[in-house]
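The values are calculated or read from the model by the stated rules, or taken from the named source; none is laboratory data. Computed from a predicted structure; not experimentally measured. Backbone-built Cβ (ideal geometry, glycine too); neighbour counts: all protein chains shown. Ligands, DNA and RNA are stripped out before the accessible areas are found, and what is left, the full protein with its side chains, is counted by its heavy atoms. Shrake-Rupley method; radii C 1.70, N 1.55, O 1.52, S 1.80 Å.
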Amino acid sequence: MAIAPEKIEVPAGSGAAHDDNFHNPPEKPSAQFHHDADEKTADLRHRELIQSALGKYYVARAGKQSKFQNWGAARQTAAEVKWEAVGHLDQYLREFEEKITARGTKVFWASTEEEARDYIVGVIKDAGARRIIKSKTMTGEEIHLNAALEKEGFEVAESDLGEYIVQLREEAPYHFVFPAMHLSRGEISDLFREKLGTAATDSPEELTMIAREVMREKYIAADVGISGGNFAIAETGMISITENEGNARLSVSLPKIHIAIMGIEKVLPKMSDLALFLPMLATAGAGQALTGYNTLLGGPKQEGEIDGPQEFHVVLLDNGRTKLLADPEQRDALSCIRCGACLNVCPIFKNVGGHTYGTTYQGPIGSVITPHFKEMQTWKHLSSASSLCGACTETCPVKIDLAHHLLQNRRNAATQKPVWWEKWAMKGFAWFMNQPRLYRLALKLAPLAQAFHPLVKGRRLDPLYVWTAGREFPKVKRETFKDFWAKRGNLG
Amino acid sequence: MPTPTSSREAILSAIRRALAVPAPKPGHHAGESEPQQEPQFENTFSILGQEAATSQKRTWLPPVGESWDEWADLFAANSLDLKTQWILCADEADLKTQLEKLKSENGWKKIGLHRGELTDLAAETLGLENLYVDGGYDAHELEKCDAGITQCDALVAQTGSILSTNKSAGGRVLSILPPHHVVIARREQLLPDLPAAFELMQQKYGDKYPSLMGFITGPSRTGDIERILVLGAHGPKKLTILCV
Ligand code: SF4
């Protein structure tokens, strides 16, 4: 959906509109957010779909998490392991590079998304390849890889079922773990009928089998497999991929070239750290003890091995991560393992939906990191998309204090570039609150003023317009709390 | 195309510059009034010795029990949950019976497999058309097999997972392309938990790791349509484990 400012960076003239919201013309991200949020919150069908999908997640997650003997200690440790990894990132990255290169892997460091795209396109061109099979990679979304590949005339197929569905719909993933959560089976059936010419069905099984059949041929025919990576293991020089469908396993095994793209923050010091991170990611992310396939890749096909790609490339992407690293207050946001749990519990996410964010990473974590990865002033509105309930902080398996970070973003945005009317409004408020008499008078007059409110309610003339457009203003009591307390004191 | 040294150096030096300012330990906020003490690593098993780290993790992860029988029960329970078919065979004769049964129930005509003690036994028992992957194979032909039969490195009771590598299980594709994956394992290959699985990998392979290692937990699955579970998304629709 709309990622307006990012769109400018996408190579122009690309046929596909993956990242574009083609229903709405590009607008300012904050305007787009407000517009889409209004629309989505009023969309009851959307709400029902999300509630039912997430309802299943809550039950599954609670069940699996309760099997842990000590989730709290596991969480603290996971946070500390990532803190150690991120705190010595240069050291661990170099170790990772050295080890994985020794097994015949090519490591490419990309400062920007352009560099990453150019490298990947270059590798594919050099090999004279044309057909690409992709397994889910959010880093790939972040660098708008599909648009760049399609512009070169390559044939790109997303193999993850959810990603395939949103690719056919020419829209961005709705949720970075559950990309097609916003669609009902009916909509998916219609989509398949229109794009693939298949018969209508309301069976999720049949729909899945349609995608399976389409993909099978593509795996075998593909020249290049592109994947993401959930963890990079410094100690042994491996990447770890977590998935359920087996599409990543096929994408990294059948084609003769495998390219993996990952953010530089994905490092873990030791292989055995995975004994904790794999089950925690599965539990927090999808309510599973372990996801279907957890695959460790330490190089291309080695001497004496039966199969596997001849070339294996790992692209390590910065693209703003070192900016976030430089902020010690929010550095721990780089510990994120992208489980998506903070989205699943967020009341804002559940109401406004994933596309409204207009970012690659939605929900609380997206609202925290996007202003760092991109630009604070353009994306600061996301920090206000929070009820400050703290559900995100509480659910995070690596203990990132997301609610706190959102507040810090608000503060940083205001310090960096104060908004004049906000400043004056705050000053005025502070002055007013320091005038007890005026305050009491206002309280006395409030019920009177409210009597006239219906005349302007919900219209632009209404000073409380934003609030009252969709809500009732509670009735102001004649007896204030102060009065009540004073009376009670006399009685006592 | 090599990395322009400039980008590599730029990233590494940006990291070093950024890290010159330390960050508070998890659970603390920057600017808290309490003195920032030196980080304590009592919980961070990354820098603990392997043994201490393993025993710590065991106290947090889901419990597994002490004896082999308990592990086997747990594996069976997890399999039920995952929709894995788990068959504990009494002996090799029973294994053969079970294989015959699988063959007739599923109407197997052609199977893919790799050379190995247990897989050879299976081939002999089944007497079907075999496609051995060891010397290379045609992916289209492998896809036409009714089942892929492999061995593995270990079974993990805690999660109901198979630990296998491209060395132990006939390459990267055999276990994933045919619609039915059948794993034959020895009883002594059943491990209690994930920490044990990682220990095994380290002991078994030292630093000569196969290029692909991984856990397979249940048949291929997806929940991408309304979070409703569907088996056989891209990989096998069925997973059978025969433990003998
Ligand atoms: S911030 Fe925490 S909860 Fe949110 S996706 Fe990252 S790891 Fe998961």
Considering only DSSP beta bridges with both partners in chain A, what is the antiparallel share in %, to the nearest 5? 25 percent
Computed, not fitted: 222 nm per-residue ellipticity of chain B from DSSP H runs ≥ 4 (each -39500 (n - 2.57)), nearest 500, equal to -10500 deg cm²/dmol
Hand me the tally of lysine pairs in segment A:432-488: alpha carbons under 16 angstrom apart, and the pair either on different chains or 8 or more positions apart. 5
May I ask you to derive the FRET efficiency for residue B:110 and residue A:205 from their Cβ-Cβ distance with R0 = 22 Å, giving the value to the nearest 0.05? 0.30
Rounded to the nearest 500, what is chain A's calculated 222 nm mean residue ellipticity when only DSSP H runs of at least 4 contribute -39500 (n - 2.57) each, over all residues? -15000 deg cm²/dmol
Dipole moment magnitude, nearest 20 debye, segment A:66-221 about Cα centre, only Lys, Arg, Asp, Glu C-beta charged: 500 debye
Report the calculated FRET efficiency for residue A:438 and residue A:484 (r = Cβ-Cβ distance, R0 = 25 Å), to the nearest 0.05. 0.75
Note, segment B:130-143: 3J(HN,Hα) by Karplus (6.51, -1.76, 1.60, θ = phi - 60°), whole Hz, Gly/Pro = x, goes 10, 10, 8, 8, 3, x, x, 7, 9, 4, 5, 5, 4, 5
Shape category assigned to segment A:74-222 from the gyration tensor of Cα positions, a/c cut at 1.5: oblate
Formal net charge of residues neighbouring residue A:327 (Cβ-Cβ distance under 13 Å; K, R +1; D, E -1): +3
Indicate the gyration tensor shape class of segment A:363-440 (rounded, prolate or oblate), computed on the Cα atoms with a ≥ b ≥ c the square roots of the eigenvalues: a/c under 1.5 is rounded; otherwise a/b larger than b/c is prolate and the rest oblate. oblate
Spit out the partnerless Cys residues in chain A, using Cβ distances under 4.7 Å as the pairing rule. A:336, A:339, A:346, A:389, A:396
Could you compute Rg(Cα) / (2.2 N^0.38 Å) for segment A:432-488, with N its residue count? 1.32
Among rounded, prolate and oblate, which fits segment B:65-243 when a ≥ b ≥ c are the square roots of the eigenvalues of its C-alpha gyration tensor, a/c under 1.5 means rounded, and a/b larger than b/c means prolate? rounded
Computed ³J(HN,Hα) along segment A:136-152: with the Karplus parameters 6.51/-1.76/1.60, θ = phi - 60°, integer Hz and x for glycine or proline, the list is 3, 9, 6, 5, x, 4, 4, 9, 6, 5, 4, 4, 5, 5, 5, 5, 6
Sorting A:349, A:473 on solvent-accessible surface, 1.4 Å probe, most exposed first, gives A:473, A:349
Leaving ligands, DNA and RNA out of it, work out the accessible area of residue A:223 with a 1.4 Å probe and give it in Å² to the nearest 10. 30 Å²
Given R₀ = 41 Å, FRET efficiency for residue A:152-residue B:85 by Cβ-Cβ distance, to 0.05? 0.35
What's the magnitude of the charge dipole for segment B:65-243 around its Cα centre, counting Lys and Arg as +1 and Asp and Glu as -1 at the beta-carbon? Answer in Debye, nearest 20. 540 debye
With every protein chain kept in place and a 1.4 Å probe, chain A has an accessible area per residue in Å² of 41 Å²
If you roll a 1.4 Å probe over chain A with all protein chains in place, what percent of the accessible area is carbon or sulfur? 57 percent
How big a patch of accessible area, both sides summed and in Å² to the nearest 100, lies buried between A and B at a 1.4 Å probe? 8700 Å²
Which one, B:130, B:62, A:480, projects farthest toward the positive side of the charge dipole computed for the protein assembly as shown from Cβ point charges (K/R +1, D/E -1)? A:480
Cut-off 10 angstrom, C-alpha nodes, Gaussian network model of chain B. Which of B:122, B:90, B:20 fluctuates the most? B:20
With every protein chain left in place and a probe of 1.4 Å, what is the accessible surface of residue B:68, to the nearest 10 Å²? 70 Å²
Taking the Cα centre as origin and putting +1 on Lys and Arg beta-carbons and -1 on Asp and Glu beta-carbons, what dipole magnitude results for segment A:432-488, to the nearest 20 debye? 160 debye
Coil-residue GluC sites (Glu not before Pro) of segment A:258-305, DSSP, other Cβ within 10 Å capped at 10: A:303
By what distance, in whole Å, do the Cα atoms of the protein assembly as shown stretch along each of the three principal axes, largest value first? 96, 55, 55
Per-residue accessible area for residue B:229 at 1.4 Å probe radius, Å² rounded to 10? 80 Å²
Considering the options A:148, B:7, A:360, tell which one lies farthest towards the positive end of the dipole of the protein assembly as shown, charges being +1 on Lys and Arg and -1 on Asp and Glu at the Cβ, about the Cα centre. A:360
Carbon and sulfur %, accessible surface of segment B:133-241 computed with the full protein complex present, 1.4 Å: 50 percent
For A:343, A:448, give the ranking by accessible area with the largest first, probe 1.4 Å. A:448, A:343
Accessible-area ranking of A:415, A:137, largest first, probe 1.4 Å: A:415, A:137
